[in-house]
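The values are calculated or read from the model by the stated rules, or taken from the named source; none is laboratory data. None of these values were measured; they are calculated from a predicted model. Virtual Cβ from ideal backbone geometry, glycine too; neighbours counted across all protein chains shown.
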Amino acid sequence: MKVEIKLSQAVQSKPHILSRKEKNCYLLVNRKNGTVLVVNDLGIEIWNQISRKIMVKDLVENLAKKYNVEFELSRTETIKLLEELLQNDFLSLASDPDTLMIYPRKKFSNYSN
C-alpha cells in the first residue's frame with residue numbers, strides 16, 4: 001500500500017541504515033531487510049538532511065534554494081525519493097515531528113559490517 005507523503009509531514013532516516021560513498025554514487029543499505037539503494041548526489045543530499053527530523057516542506061525548500069530550481073520541481077523529485085525510502089523501510093514519517101526519535105547515523109567502510 002502506497003503512502004502519500006505530504007508537505008505538512010516530518011521525515012527522518014531510520015537508525016538501521018548504513019551509508020557508503022562509492023566512486024560515482026552512494027549506497028544506502030537497510031540492515032534489517034537487506035535492501036540496497038543506489039543514490040546520486042541529490043539523493044545523498046536528501047539523505048543527509050533527513051538524518052535529523054525535518055518537515056517535508058522545509059526539505060523541499062532547502063533543496064530548491066540549493067539547486068536553484070522551482071519549488072514544484074523540487075517537491076516532485078524529493079517526494080519521489082522519499083516514497084522509495086519509505087517503501088523500503090529507510091525512513092520514518094509522521095504528522096507530528098515530536099513523535100520522531102533522533103538516531104545516530106551509521107556509516108560503513110566495507111561490506112563485512
Checklist entry - Using beta carbons and a limit of 8 Å, which pairs, at least six apart or on different chains, have the first residue in segment 10-26 and among the basic types (Lys, Arg) and the second one in a loop (DSSP other than H, G, I, E, B) and surrounded by 14 or more Cβ atoms within 10 Å (Cβ to Cβ)? => result Lys14/Asp89; Lys14/Phe90; Lys14/Tyr103
Item to check | Flag for Leu18 being in a strand (DSSP E or B), touching a Phe, Trp or Tyr at 6+ places or on another chain (Cβ under 8 Å) and at pLDDT 95 or above | outcome: no
Checklist entry - Is it the case that some residue within segment 100-111 is under 22 Å from Val3 (Cβ atoms) and either assigned to a strand (DSSP E or B) or modelled with pLDDT of 95 or more (or both)? => result no
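Can you name the helices (runs of 4 or more DSSP H) wholly within segment 29-87 that have at least 3 residues being basic (Lys, Arg), at pLDDT 95 or above and more than 14 Å from Ser13 (Cα to Cα)? Lay out the reasoning, then the answer.
Numbers: elements: 41-49, 56-67, 71-87.
Correct list: 56-67.
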